[in-house]
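One structure is given here, and the rest of the page talks about it.
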Amino acid sequence: MISMEEPTGTVPVRPMHRFDESKLTAWLQANVAGYQGPLKVTQFEGGQSNPTYRLETPSSAYVLRRKPMGMLLPGAHAVDREARVQRALTTVGFPVPRVHALCTDDGVIGSWFYVMDCVQGRIFWDATLPSIGREERPRYFDAMNATIAQLHRVNYASIGLGDYGRPGNFFARQIQRWSQQYVSDVDGGRNLHMERLIEWLPAHIPPGDDISLVHGDFRVDNMIFHPREPRVIAVLDWELSTLGHPLADFAYHLLMYRMPTAFAASLVAANLAVLNVPAEEEYIAAYCRRTARQSIDRMDFYIVFNLFRLAAILHGIRGRIARGNAASANAERTAAALPELTELAWRIVEATRR
């Protein structure tokens, strides 16, 4: 779930993720309006969780997202939720790919999947946006800021998502969920700082319980920008979306200012003034203006919570590697970052005690 400069192209479908393409073709003909073959299937190189494929025909291109094969943790890889939230957001003009159809029949390709438009645009894996000119760069950051603020202002109940998550006690429930997932997935190994965070976080939850639709993995490489304009035309990867606390979602996005330099989505080593990238304080202020907030208190907690959650996700990748069903060829390199994330989170905790 975290970018370490994975490639964005496609490769032949990996042996562990192959399926009967003739069955898929028959399903597409029956369920995707206007579908006309022949079909060419390749697999996207990036992505750690749900295997993702490019479906190409002479007249159209689609993306297929599926559950991985093999033993899965309960509630994980819910492609039906991804399809549902994207369909709902389309109705209010939020930028997401159009979903064509969802398949819940394991007999077609071996697991549930959905098919959506393949949106043509620009994806940036490096948060410094090196291919963008200095004068234009702030407008791209402002576009990201505006998009996450727009998401948090969506009236989720009015688009049929009132039951998309359990309202209230978001942090307590999330901390419990990721703690249990860590504890139960013994294949991923143990980490001392992770276990310390499991104890610290429940005792330091800030007061207040805002609720909005949250993406859960909102970062620069999960957005497609217009080919020429500083405008987000699609937000991708809704696997972790739910009803939750908007500041948890925003703080995760804000990790680009805090992440270790090994991560492509990191701005830690960048000279923001030279790049003409807004400072973290400016970026927070812009979000607050857009969401009618005066300020954000206890940002340290929100950052630590997100580092913990991200570490739990990487721990899950470690488990899938051990079980032999990791989706990405880069999974092992990504999962190796877990100790650095938990150490960073614990340093922030210790700093709050001084």
Subject >> Single residue of 119, 99, 115, 154 found to be within 17 Å of residue 245 (Cβ to Cβ), surrounded by 15 or more Cβ atoms within 10 Å (Cβ to Cβ) and touching a strand residue (DSSP E or B) at 6+ places or on another chain (Cβ under 8 Å) >> reply: 154
Original post:
What are the residues in the range 245-279 that are in contact with a Pro (Cβ under 9 Å, 6 or more places away or on another chain) and either crowded, with 21+ Cβ neighbours inside 10 Å or under 21 Å from residue 334 (Cβ atoms) (or both), if any?
Top reply: 247, 266, 268, 277
Subject >> Options 33, 26; residue that is hydrophobic (A, V, I, L, M, F, W, C), farther than 19 Å from residue 80 by Cβ and part of a loop (DSSP other than H, G, I, E, B) >> reply: 33
Original post:
What are the residues in the range 157-188 that are closer than 30 Å to residue 323 by Cα, β-branched (Val, Ile, Thr) and either outside the structural domain of residue 229 (by TED's automatic domain parsing) or surrounded by fewer than 19 Cβ atoms within 10 Å (Cβ to Cβ) (or both), if any?
Top reply: 183, 186
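For residues that are of a type in the set (Val, Ile, Thr) and either surrounded by fewer than 20 Cβ atoms within 10 Å (Cβ to Cβ) or farther than 18 Å from residue 141 by Cβ (or both), tally how many sit in the range 206-240. Full working, then the answer.
Of the residues in the range 206-240, the ones of a type in the set (Val, Ile, Thr) are 211, 214, 220, 224, 232-233, 235.
Right, trim to either surrounded by fewer than 20 Cβ atoms within 10 Å (Cβ to Cβ) or farther than 18 Å from residue 141 by Cβ (or both) and you get 211, 214, 233.
Number of matching residues: 3.
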Original post:
For the range 137-214, list the helices (runs of 4 or more DSSP H) that sit wholly inside it and hold at least 2 residues that are closer than 17 Å to residue 300 by Cα; which are they?
Top reply: 170-184, 192-200
Original post:
Is there any pair with a first residue in the range 250-266 that is outside the structural domain of residue 210 (by TED's automatic domain parsing) and a second that is at pLDDT below 95 and outside any helix (DSSP H, G or I) whose Cβ atoms are under 9 Å apart and which are 6 or more apart or on different chains, and what are they?
Top reply: none
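The values are calculated or read from the model by the stated rules, or taken from the named source; none is laboratory data. This one's a predicted model, so the numbers in the text were calculated from it and none came from an experiment. Cβ sites come from the backbone with ideal geometry, for glycine too, and all protein chains shown count toward neighbours.
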